[in-house]
1. Just the number, please: carbon plus sulfur as a percent of the accessible area of the range 14-200, 1.4 Å probe, no ligands or DNA/RNA counted.
2. With a Förster radius of 22 Å, plug the Cβ-Cβ distance of Arg182 and Glu147 into 1/(1 + (r/R0)^6) and report the FRET value to the nearest 0.05.
3. Please list, or write none, the aspartates and glutamates whose alpha carbon is within less than 13 Å of the alpha carbon of Lys201, excluding same-chain residues fewer than 8 places away.
4. Toward the positive end of the charge dipole of the range 14-200, about the Cα centre and with charges on Cβ (Lys, Arg +1; Asp, Glu -1), which of Phe15, Phe176, Ala163 goes farthest?
5. At 1.4 Å probe radius, can you tell me the per residue accessible area of the chain in Å²?
6. Can you bin the range 110-181 into rounded, prolate or oblate? Criterion: square roots of the alpha carbon gyration tensor eigenvalues sorted a ≥ b ≥ c, rounded for a/c under 1.5, prolate for a/b above b/c, oblate for the rest.
7. Assuming a ≥ b ≥ c are the square roots of the Cα gyration tensor eigenvalues, decide whether the chain counts as rounded (a/c under 1.5), prolate (otherwise, with a/b larger than b/c) or oblate.
8. Using the Cα gyration tensor of the range 42-96, with a ≥ b ≥ c the square roots of its eigenvalues, what is the shape: rounded (a/c below 1.5), prolate (a/b larger than b/c) or oblate (neither)?
Amino acid sequence: MDYNEGYRAKSVGAFTESLHKFYTASGIEQLLQVQDVRLLDICLGGGSNLAVTLDRLLSVEHRHRLHIVTVERQSSLFDTIRQNRFMWPYRGYELLRRLISDGQAENVRLDIAIGDARNIIRDMPLKFDVVYFDPFGKRKNPEMWTEAVFRDVYRLCTDIGRAATYSSGREIREDFVRAGFRYTVTPKPEGAFQEGTVFYKV
Ligand SMILES: C[S@@+](CC[C@H](N)C(=O)[O-])C[C@H]1O[C@@H](n2cnc3c(N)ncnc32)[C@H](O)[C@@H]1O
């Protein structure tokens with residue numbers, strides 16, 4: 001309500017956008033088959049990106065450990081997720097609810113950072129292999145789409161680190177490149193109105 005904005009693309013819906021532009025595009029599933037992975041979830045929102053990720057990973061055999069740090073300014077969202085049993089995908093949200101309550105389950109650890117993401121990532125002592133970069137769009141949420149923020153994301157990436165986002169804005173891509181990244185285009189899922197982008201440290 002503060003941003004007068006919806007959480008996900010109305011065109012394809014939450015599940016498809018999370019699956020296509022974040023889970024699949026980031027390559028997190030493949031990484032987890034070869035190593036432990038640390039994921040920085042910038043802006044939990046309704047938890048769709050995490051729930052879809054957890055839902056898929058429950059089907060992956062022999063995966064390594066996943067450590068998630070999620071960042072969100074609106075603390076009530078954690079209660080919303082915990083109190084709503086109908087959110088879909090069920091299995092993914094069920095695991096996310098356990099993680100919010102206990103911090104650890106199914107070879108996954110979740111740490112929660114509540115506050116302004118700009119301050120949290122500036123002071124973050126950890127490095128990440130995968131970043132889900134998912135604030136609202138630049139018009140409504142301009143403070144998150146600055147070169148200074150992208151530089152902090154770059155600094156937080158490991159050598160194999162990559163940041164996936166739903167956005168394809170030309171200026172945004174240029175600013176990420178100025179911050180040190182190169183990028184690949186995530187093709188539009190059928191029916192979507194824009195491509196996504198994955199930014200790589202190396
Ligand atoms: C598009 S929604 C995130 C959707 C979410 N990733 C999902 O999968 O459901 C954007 C979220 O960013 C949060 N947000 C925006 N600016 C922020 C900031 N500076 N610090 C922390 N959270 C912020 C909003 O509170 C909102 O919940």
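1. Using a 1.4 Å probe with all protein chains present, the range 14-200 comes out at 49 percent carbon and sulfur.
2. 0.90
3. Asp129, Asp152, Asp159
4. Phe176
5. 48
6. Because a/c hits 1.5 or more and a/b fails to exceed b/c, the range 110-181 counts as oblate.
7. The shape class here is rounded.
8. It comes out oblate by the Cα gyration axes.
The values are calculated or read from the model by the stated rules, or taken from the named source; none is laboratory data. All figures in this text were calculated on a predicted structure; none of them were measured in a lab. Because the Cβ atoms are built from the backbone with ideal geometry, glycine has one as well, and the counts that use them run over all protein chains shown. Please note that ligands, DNA and RNA were not included when accessible areas were found on the heavy atoms of the full protein model with its side chains. Shrake-Rupley method; radii C 1.70, N 1.55, O 1.52, S 1.80 Å.
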